[in-house]
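Visitor: What follows is a single structure, and I will ask about it in a moment.
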Amino acid sequence: MSTFEFPESIKSRPTYGTLEPRRGTHHLFVADAEGAEAIIAIGQNHSDMMLKTHIIYIPKSTGDTYIDKLKALSAKQLYIKPGFKEALSHLRQCLTRAHMGIQIYLTGTENIMGQAMAEAISAGMPHTAIQTEHRGSVARRMQCVHCKGITENVITNPFVCSHCHLNLLVRDHYSRRLAAFQGVCIDAEDPGNIPTPVELYQ
Amino acid sequence: MSIGAETIAVTVTDIVTVNELVTRFKFKRTDGKLLPAFSGGAHIVVEMQHGDQQRRNPYSLMSSPFDLSYYSISIRRDDKGRGGSLFMHQEVGIGDEMTISYPVNVFSLDMRAKKYLMIAGGIGITPFLAQIPQISCLHGHFELHYSVRSSALGSYVGYLTAQYPNNVHTYYSDHKQYLDLDKLLTKQPLGTHLYICGPKGMIEWVCKTAAKYGWPRETVHYEEFLTPRSGKPFQVTLAVSNKTIEVSANQSLLEAMESAGVEAPYLCRGGVCGQCETDVCSSEGHFIHNDHWLNDEQRASGKKMMPCVSRFEGKSLVIDR
């Protein structure tokens, strides 16, 4: 299993559940990497639902691991894309054409869930009506609060901003709009006093 | 000091017969100042002093939120009701001074919506009459589906269809015209929010159909036109005030407490806002819960009630007021 139990945190930090099929006229899944396992878990038991299901999947480092199993679900549409950027125009098109009654399921890393959720919210879906299930990597998408640059796949705390090179503390303070956590300069008071980076949740 | 909503002294400046059942009242502030700002969907509570009986009924504001020189409400005459609407229709005249509450909104527009789909039945049209100018001013999209009994009883149909010919759809039940709800609710773009106001049966039908097609609960908003219902008289002991009072057939428990000089909290007086929620100390009998606030579990517990609309039948009732 590719699940991880996040420690309890501040209210701003997103929490994730377990996907379950809901009544709806259409179903849209957006997933990356090990998120495929969550889709397969639902799809194998709900073949009728798959007839109305659209899957957008980004394999990342898992390569071909889940592709055959996903294809075997016989979803109405299955789009496999190399990255979120490449999937974005397709996702937006889906949301623009969608009708009320569509159910949205996001699974995989916080990165993909957060970004897909921001798109769904701006298309008019209430964020509380979107289901999420975390699978796979716990790496975070971070925004430097100083230069506003985004650093993807942050796995240590502190880390170096990929834009302005400040040393940033990984905070749990999250922005749904940006789909990113906040990174705040860790040595502003005492420049150069930087704790040794430790892997997140260690 | 009142624990309920703050009040405003107003003068009735116009009374217009809309049709056989509905009359429109226009209020201006007695002191000549502007009325408080409100948003579409808000209601006011009108205090009615009828002999020694005082009633306070909620009515949706239907005038434009952009004109605060006056408020308008439309009241449908209910010959079988508790008498509030009959009092307004028969006893109130132009120039009368009355007391109203500040506006309260428990049916407000979700500004994140991409489109507003409004479903009105009968006098349930009134909150939409204030919401529509608000949406139009913000260049929002809306569609109104309005069911009425007949063209003679279709309040404001003429105004709405003249002003918004492309947005308003009217259904006359005497011509066997009915809304095709299944078709309507499966063709709405993502981001649509549903607003329903009308009789209980209509609200339940629309909510159930929306749930069937997977509309998120957060996108379905409704307001039932609920004034306190009549019932059998009953006796209540108020534990904190140390009083035992009688609630007459045409009075709500909240009104009975107010008549007895006990200030109890309230806001909507229609069983939706939750403000008047009251703990039950002990009871022997059964509750008639008419509210939309308590959940099934709370109702089953027999420990909570909403005195603005709910009643009691039985031997004894003691509440924490």
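The values are calculated or read from the model by the stated rules, or taken from the named source; none is laboratory data. All of these numbers come straight from a predicted model, not from anything done at the bench. Please note: Cβ atoms are built from the backbone with ideal geometry, for glycine as well, and neighbour counts cover all protein chains shown.
Visitor: In this structure, does B:ALA162 turn out to be at pLDDT below 95 and either part of a loop (DSSP other than H, G, I, E, B) or away from every other protein chain (no Cβ under 14 Å) (or both)?
Guide: Judged against the criteria, B:ALA162 is not a match.
Visitor: Which residues, counting only those in segment A:74-103, are among the β-branched types (Val, Ile, Thr) and touching a His at 6+ places or on another chain (Cβ under 8 Å)?
Guide: Of everything in segment A:74-103, just one residue is among the β-branched types (Val, Ile, Thr) and touching a His at 6+ places or on another chain (Cβ under 8 Å), namely A:ILE102.
Visitor: Follow-up question, since we're still on this one. Under the condition of being polar (S, T, N, Q) and either within 10 Å of A:VAL30 (Cβ to Cβ) or in contact with a Leu (Cβ under 9 Å, 6 or more places away or on another chain) (or both), which residue from segment A:55-108 is nearest to the other protein chains (Cβ to nearest Cβ)?
Guide: Applying the filter and picking the extreme gives A:GLN103.
Visitor: While we're on this one: Between a first residue in segment B:4-24 that is without any contact (Cβ under 8 Å) to a residue 12 or more places away in the chain and a second residue that is assigned to a strand (DSSP E or B), which pairs have beta carbons less than 6 Å apart while being 6 or more apart in sequence or on different chains?
Guide: B:VAL16/B:ARG24; B:THR17/B:THR23
Visitor: Another question about this same structure. Go through segment B:1-28 and count every residue that is modelled with pLDDT of 95 or more, assigned to a loop (DSSP other than H, G, I, E, B) and either in the same structural domain as B:ARG149 (by TED's automatic domain parsing) or touching a strand residue (DSSP E or B) at 6+ places or on another chain (Cβ under 8 Å) (or both).
Guide: Selection size over segment B:1-28: 2.
Visitor: Okay, moving on. Out of the residues in segment A:1-44 that are touching a His at 6+ places or on another chain (Cβ under 6 Å) and within 14 Å of chain B (Cβ to nearest Cβ), state the one that is surrounded by the fewest Cβ atoms within 10 Å (Cβ to Cβ).
Guide: A:PRO21
Visitor: Consider segment B:173-231. How many of its residues are at the interface with another protein chain (Cβ under 10 Å from one of its Cβ atoms), without any contact (Cβ under 8 Å) to a residue 12 or more places away in the chain and not in a helix (DSSP H, G or I)?
Guide: 3
Visitor: Taking into account only those residues within segment B:29-62 that are part of a loop (DSSP other than H, G, I, E, B) and free of Cβ contacts under 8 Å to residues at least 24 places away in the same chain, which is surrounded by the most Cβ atoms within 10 Å (Cβ to Cβ)?
Guide: Per the criteria, the residue is B:LYS33.
Visitor: Do you know which residues across segment B:128-148 are surrounded by 13 or more Cβ atoms within 10 Å (Cβ to Cβ), more than 20 Å from the chain's Cα centre (by Cα) and not in a helix (DSSP H, G or I)?
Guide: Of all residues in segment B:128-148, those surrounded by 13 or more Cβ atoms within 10 Å (Cβ to Cβ) come to B:128-136, B:140-148.
Remaining after also requiring more than 20 Å from the chain's Cα centre (by Cα): B:135-136, B:140-143.
Those that are surrounded by 13 or more Cβ atoms within 10 Å (Cβ to Cβ), more than 20 Å from the chain's Cα centre (by Cα) and not in a helix (DSSP H, G or I): B:GLY140, B:HIS141, B:PHE142, B:GLU143.
Residues are listed down the side, and each one gets a yes or a no for (1) surrounded by 16 or more Cβ atoms within 10 Å (Cβ to Cβ); (2) within 22 Å of the chain's Cα centre (by Cα); (3) under 30 Å from A:THR25 (Cα atoms); (4) of a type in the set (Gly, Ala, Ser):
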site	(1), (2), (3), (4)
B:TYR222	yes, yes, yes, no
B:ALA239	no, no, no, yes
B:SER252	yes, yes, no, yes
B:CYS268	yes, yes, no, no
B:ARG321	yes, no, no, no
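Visitor: Quickly run through segment A:1-55 and pick out the residues that are of a type in the set (Asp, Glu) and outside any loop (DSSP other than H, G, I, E, B).
Guide: Initially, segment A:1-55 is screened for residues of a type in the set (Asp, Glu), giving A:5, A:8, A:20, A:32, A:34, A:37, A:48.
A:ASP32, A:GLU37, A:ASP48 - these are the residues of segment A:1-55 that are of a type in the set (Asp, Glu) and outside any loop (DSSP other than H, G, I, E, B).
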